[in-house]
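Peer 1: Starting off with a structure, shown below.
The values are calculated or read from the model by the stated rules, or taken from the named source; none is laboratory data. Keep in mind that what you see is a predicted model, and the values were worked out from it rather than measured. All Cβ positions, even for glycine, are placed from backbone atoms using ideal geometry, and neighbour counts span all protein chains on display.
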Amino acid sequence: MDADIVNNLGLLQPYWLLLLPLPWLWLYWRQPQSASWPSIIPVLTVRYPLLGDLPQPDVHRGRTKKQYADKIMALAMSLLVLALSQPVHYKAYIEKDKASEPVDLILVVGTALSMSLSDYEVNGQVLDRMTLTRKLLDGFVADYSGHRIGLVILGNPPALWLPLTSDKSIVQDAISRIRTLLGGRITDMGATLQLVRDHFKEQQEKVVVLISDGGAQVGSISPDKAAQELAEDGFSLYVIAVGSSDPQGRSLDNNSLIYEAVNLNMLQQVARQGKGQLFHALDSQAFSDALLTIEKKHRKVRHKIDKKYLTEAWYPVPLALAMMLILSVSLRQSASMKSAAEIRPAKIKSTQIK
């Protein structure tokens, strides 16, 4: 047999091999004793003058046949035990990435008045910051491979919009109902991050994604201080900045709102204090890439390789051999019984005494 094949053999259920000694113990028990115990009372015999003319059974030959049949049965039972252990041949294996735990994602969405500014153009269509956020979050949730998603409204006051859930349809419905001014005209980012810390502190994997343009802020606690406290409690805070950073920019739809550029300096400080990273969504592709990067990064924190082996079952081989041995013993015993039945007593000629 090829050495490579031998090296790639294995057993799926090796514990069945613990039964392997049983057939040979049975064979040892079936063996006749080599010497008999001495008899105290002599055996009575009756002499018959014509006993020598009668056919005598070959005791030694019958005993040899019986021992041979027992050995074959013991070998067949051993092969059955080997078949139960499921021998296989490992032909190849597939390496598959496997993360130990999926990630729970907490999305914090800004709804201030500045999120209604239109400084994005997608496929010739002008979109405001809020519409683009809803559109891209909906597509991200559809392809999300993590565990659960929760939603928090960044506003004044902040609000828990959706607790953690694994139902994507519920998350997509909650995202579709987010509108500008839902949390007020301005935001309290410090209070919002405190709400996240207090409500989700029991989660194992604490990943927060803050989506905002960094507009005007109010509140008693600064955003960077709240982000620092969030990181101290084990959260990872990422920030996706939406909007143009050009202070001389303008809204593409020429509405009457005063244009406010994204406050990258403030958002960069929040991300740094939150032990995370800042992503600037200059366009829709950058926004999508930021979400995918965050999810991918945390799904591979405890990354390992899971090998899936391709196996070829070999248990039919010992099973077929065992059945052949059992069948051969059965046929030999049937033939022996048939030949014994056909034996006729020898004819004894009588003599007349004169």
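Peer 1: Where in the stretch 251-354 are there helices (runs of 4 or more DSSP H), lying fully within it, with 1 or more residues that are modelled with pLDDT under 75 and surrounded by 13 or more Cβ atoms within 10 Å (Cβ to Cβ)?
Peer 2: Ranges flagged: 284-299, 316-341.
Peer 1: Filter the stretch 210-240 for residues that are closer than 21 Å to ILE294 by Cα and hydroxyl-bearing (Ser, Thr, Tyr); which is nearest to the chain's Cα centre (by Cα)?
Peer 2: Taking the candidates together, the pick is SER236.
Peer 1: May I pose another question? Taking strands (runs of 3 or more DSSP E) that do not extend beyond the stretch 70-186, which have at least 3 residues that are in the same structural domain as GLU205 (by TED's automatic domain parsing) and either of a type in the set (Phe, Trp, Tyr) or at pLDDT 85 or above (or both)?
Peer 2: Hits in the stretch 70-186: 105-110, 125-127, 149-154, 159-165.
Peer 1: Here is a further query. Could you tell me which of the residues GLY215, GLY190 is in the same structural domain as LYS135 (by TED's automatic domain parsing) and farther than 11 Å from LEU230 by Cα? Spell out how you get there, then give the answer.
Peer 2: Numbers: GLY190 fails: farther than 11 Å from LEU230 by Cα.
Matching residue, one of GLY215, GLY190: GLY215.
Peer 1: Working only within the stretch 141-158, note down all residues that are out of contact with any Ser or Thr (no Cβ under 8 Å at 6 or more places or on another chain) and surrounded by 16 or more Cβ atoms within 10 Å (Cβ to Cβ). Break it down into steps so the answer makes sense when it comes.
Peer 2: From the stretch 141-158, those out of contact with any Ser or Thr (no Cβ under 8 Å at 6 or more places or on another chain) are 141-146, 151, 157; that's our starting set.
Within the stretch 141-158, VAL141, TYR144, GLY146, LEU151 meet the criteria.
Peer 1: Which of the residues spanning the stretch 211-223 are buried (at least 21 other Cβ atoms within 10 Å of the Cβ) and either touching a Pro at 6+ places or on another chain (Cβ under 6 Å) or on the phi < 0 side of the Ramachandran plot (or both)?
Peer 2: ILE211, SER212, ASP213, GLY215, PRO223
Peer 1: Looking at the stretch 187-210, which of its residues are part of a loop (DSSP other than H, G, I, E, B) and either surrounded by 23 or more Cβ atoms within 10 Å (Cβ to Cβ) or free of Cβ contacts under 8 Å to residues at least 24 places away in the same chain (or both)?
Peer 2: Of everything in the stretch 187-210, those that are part of a loop (DSSP other than H, G, I, E, B) and either surrounded by 23 or more Cβ atoms within 10 Å (Cβ to Cβ) or free of Cβ contacts under 8 Å to residues at least 24 places away in the same chain (or both) turn out to be ASP188, GLU202.
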